[in-house]
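Structure first, commentary second.
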Amino acid sequence: MRFSDSFVTTLRDAPKDAETVNHKLLVRAGFVRQLMAGVYTYLPLGQRVLNKISQVVREEMDAIGGKEVLMPLMHPKENWVKTGGWDKIDVLFHVKSRTDKEYALAQSHEEVVTPLTKEFIRTYKDLPLSIYHIQWKFRDELRSKSGILRGREFLMKDLYSWHLTQEDFEEFYKKAKEAYLKVFKRLGLTAKVTEASGGGFSEKISYEFEVLTSAGEANILYCSKCDWCVNIDDIDKYKEGDKCPSCKDDVLKHSLASEVGNVFDLGQKYTKAFDFKVQNEKGEMVYPIMGCYGIGITRTMGVIVEKFHDEKGIVWPKEVAPFDMHLVGLNGKGEELYNKLKENNIDVLFDDRDVPAGQKFADADLIGIPVRLVVSDKTGEKIEYKKRTSDETKLIDFEELIKMP
């Protein structure tokens, strides 16, 4: 992509109302623009990052047998009345049409996915089943803050599963947990797993995946030797300095953290609400056990920025960077290299603008693509190569460049 034709505009200063790092840098670097509190437009660079995160999530959900679908954002009121959510969930947006029919804007999809799968699951032979989608959600947050970490409109992956027995659910949960840890590892994040209350989704214990960050809203105690942690706002059984109850290899430390994923054991709450029964091996009609597994795509993008930045700008992990390389052309140079990189399937942002070199270098650091390349009269037939995480530069030729990991 050529910078001059990319719909990318960087800003010298952050918005006055921006309080968090992700809000400041994502706006300044041209990834997002805020429409109103909690609602953002994702510009081409931002959309690329969301697509990269979504693809990592998609691959790991497919690997554990998830089938991808896409469900509606507008739901009939009666579905939410059946589950009690219409009156009990305070963040649910209610919408009335001009014919006085009422609808809910999706803050979750249990009320849609349960009657959907009821059509397809008849007997134990159809179980287990897991389906997922990556879709926008709406929540009427009273205080939408922290940039894209807490929005009124956000992108999320939901996976839902159905099981004949609690034991089968527990087995699938183990697979889902490992898949989640793989997702966050691929994204460059270290996630801790904490128990929490199920809130409005379930009366049972749920599991949250937390990433340590000073921008987080959760107070946790965590172990640095394993993925165990606990939310100390919900549970007072543990204190800082206690030995880890899981691995026993380290003491618990305190940190703020941001939730990036969660798992709910929904039991039979939703299958009972929709009278969703299946025939077991004995011919008896029983309610399946249901699980819900969420990952906040936009939220994870914000957490990545909170974790990976410096005084110059964002430092994207390779897996989610909007481009593989950022090519800076000086003195009218760069066109030939840009075309050769594209021919070798290297995704590159080519800064071909007629602006001072200092501005180009500052924008490259601000945007945070993992590798910066410079070609100019000074570099001659060589290419100046620099990683975003390093101050060192070196001159290499094209053959060396395309062999770089």
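No lab work stands behind these numbers, since they all come straight from the coordinates. Every value quoted in this text rests on a predicted model; they were computed, and no experiment measured them. Note: ideal-geometry Cβ built from the backbone for every residue, glycine included; neighbour counts use all protein chains shown.
Numbers at a glance
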quantity	calculated
Between 0 and 90°, nearest 10: helix 357-367 axis offset from the chain longest Cα axis	10 degrees
3J(HN,Hα) from dihedral phi, region 398-403, Karplus parametrisation 6.51/-1.76/1.60, rounded to Hz, x for glycine, proline	5, 4, 5, 4, 6, 8
Per DSSP, loop GluC sites (Glu not before Pro) in region 320-405 with at most 15 further Cβ within 10 Å	Glu381, Glu392
Mean Cα-pair separation over length for region 323-403, i.e. relative contact order, pairs under 8 Å, 6 or more apart, %	31 percent
Rounded if a/c under 1.5, otherwise prolate or oblate - region 290-405, Cα gyration tensor axes	prolate
Region 207-286: chymotrypsin sites (Phe, Trp or Tyr not before Pro) falling in loop per DSSP and having at most 13 other Cβ within 10 Å	none
Any cysteine of the chain lacking a neighbouring Cys Cβ under 4.7 Å - listed by number	Cys229, Cys292
Value of [θ]222 nm, deg cm²/dmol, for the chain, DSSP H segments ≥ 4, -39500 (n - 2.57) each, nearest 500	-8000 deg cm²/dmol
Extended-chain gain in nm, criterion 0.36 nm per residue less alpha-carbon gap, Cys247 and Glu392	48.2 nm
Estimated inter-spin distance, Glu311 and Lys237, nm [label 7 Å along Cα→Cβ]	4.5 nm
Label-point gap, in nm, between Lys382 and Lys342 - each point 7 angstrom along Cα→Cβ	2.8 nm
Candidates Ser246, Ser146, Ser258: whichever shows maximal mean-square fluctuation once the chain is modelled as a Gaussian network with Cα springs under 10 Å	Ser246
Phi to ³J(HN,Hα) by Karplus 6.51 cos²θ - 1.76 cosθ + 1.60 over region 321-329, Hz, x for Gly, Pro	4, x, 9, 6, 9, 10, 8, 9, x
Ranking of Ile235, Ile297, Ile304 by count of other Cβ atoms within 10 Å, fewest first	Ile235, Ile297, Ile304
Cross-link reach list, lysines versus Lys101, counting only Cα pairs under 29 Å and skipping chain neighbours closer than eight places	Lys77, Lys82, Lys88, Lys118, Lys137, Lys157, Lys269, Lys272
Full-stretch length increase - Asp126, Ser224 - with 0.36 nm per residue and alpha-carbon distance subtracted	31.2 nm
Residue-wise HN-Hα coupling along region 134-142, computed from phi with Karplus coefficients 6.51, -1.76, 1.60 (Hz; x: Gly, Pro)	10, 8, 6, 10, 10, 9, 7, 5, 6
Alpha carbon centroid spacing (whole Å) that separates region 289-313 from region 13-76	9 Å
Qualifying trypsin sites (Lys or Arg not before Pro) for region 376-405 [loop in DSSP, other Cβ within 10 Å: at most 16]	Lys378, Lys382
Degrees, to the nearest 10: 297-307 long Cα axis against longest axis of the chain	50 degrees
Radius 10 Å from Cβ of Ile134, net charge of other residues (Lys, Arg +1; Asp, Glu -1)	0
In region 301-404, lysine pairs closer than 13 Å at Cα, eight or more apart or cross-chain	7
